[in-house]
Amino acid sequence: MERSAAILTRLTKLTDTSLIVHWFTADAGLIKTVAKGARRPKSPFAGKLDLFFSAEINWTASRSSDLHSLREVSPENCRPGIRRDYDATLLAAYFCRLLENAVERDHPEPGLHDLLGRALDHVELQGASTRALRHFEHELAHGLGLAHEKRHAAPALREALGGLPPLREQLFDRLEVGKNFRFPHPDSEV
């Protein structure tokens, strides 16, 4: 049995009762686990598996595939603030997707695990912003050894990864529009 601090990055339905859970762990990197029976009402996983949760997990490594068996989950930070704001949810999803594209499976990257945790904590507390998006990209490029003093992180990441997740453009559109939106003053005419 293996154990590590982990951040839940993606959930996929496997069967009527089970889920495939993608984790970015501090000790094993990106892993996929099967949470058998997780969709049942009385599952031991009930309430413990949701996007962006940080948890201590135990799993049994598969000998024949990259799909391991999830045994235990102990949530440590559920980050409910992210799920209350659609833009925050989109930005957190972008962080996870970009990181999944940037690192190899089953290869530990504790510095990048820490970066993702800090980024998700920031978005939960401060909300989504283009500044947070750019800062995450900069820190990721630096962590991957792609940062250059005279070059922005996005082009370096785009070149190294063969592109950036399409969600990035949607985020810029949404966050720039929101930044300029102002509620009308109650005394002004509409």
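Test L157 against the criterion of being in contact with a helix residue (DSSP H, G or I) (Cβ under 8 Å, 6 or more places away or on another chain), part of a helix (DSSP H, G or I) and under 18 Å from L90 (Cα atoms), and give yes or no. The answer is no for L157. Residue check: is L116 closer than 21 Å to A28 by Cα, modelled with pLDDT of 95 or more, open to solvent by less than 20 Å² (accessible area, probe 1.4 Å) and not polar (S, T, N, Q)? Criteria met by L116. Among the residues of the stretch 133-145, those identified as surrounded by 20 or more Cβ atoms within 10 Å (Cβ to Cβ) and under 19 Å from F52 (Cα atoms) are L133, F136, E137, L140.
Cβ separations smaller than 6 Å between residues 6+ apart or across chains give the following pairs from the stretch 144-157 residues that are free of Cβ contacts under 8 Å to residues at least 12 places away in the same chain to residues that are surrounded by 14 or more Cβ atoms within 10 Å (Cβ to Cβ): A147/A141.
Only one entry of E169, E124 meets the criterion of being under 18 Å from the mean Cα position of the chain (by Cα) and under 23 Å from I7 (Cβ atoms), and that entry is E124. Of the candidates R105, R63, the single residue that is in contact with a Gly (Cβ under 7 Å, 6 or more places away or on another chain), at pLDDT below 95 and not acidic (D, E) is R105.
The values are calculated or read from the model by the stated rules, or taken from the named source; none is laboratory data. Since the structure is predicted, the reported quantities are computational estimates derived from the model, not experimental observations. Every residue, glycine among them, receives a Cβ derived from its backbone with ideal geometry; neighbour counts consider all protein chains shown. Protein only, heavy atoms only, side chains kept; ligands, DNA and RNA dropped before computing areas. Shrake-Rupley method; radii C 1.70, N 1.55, O 1.52, S 1.80 Å.
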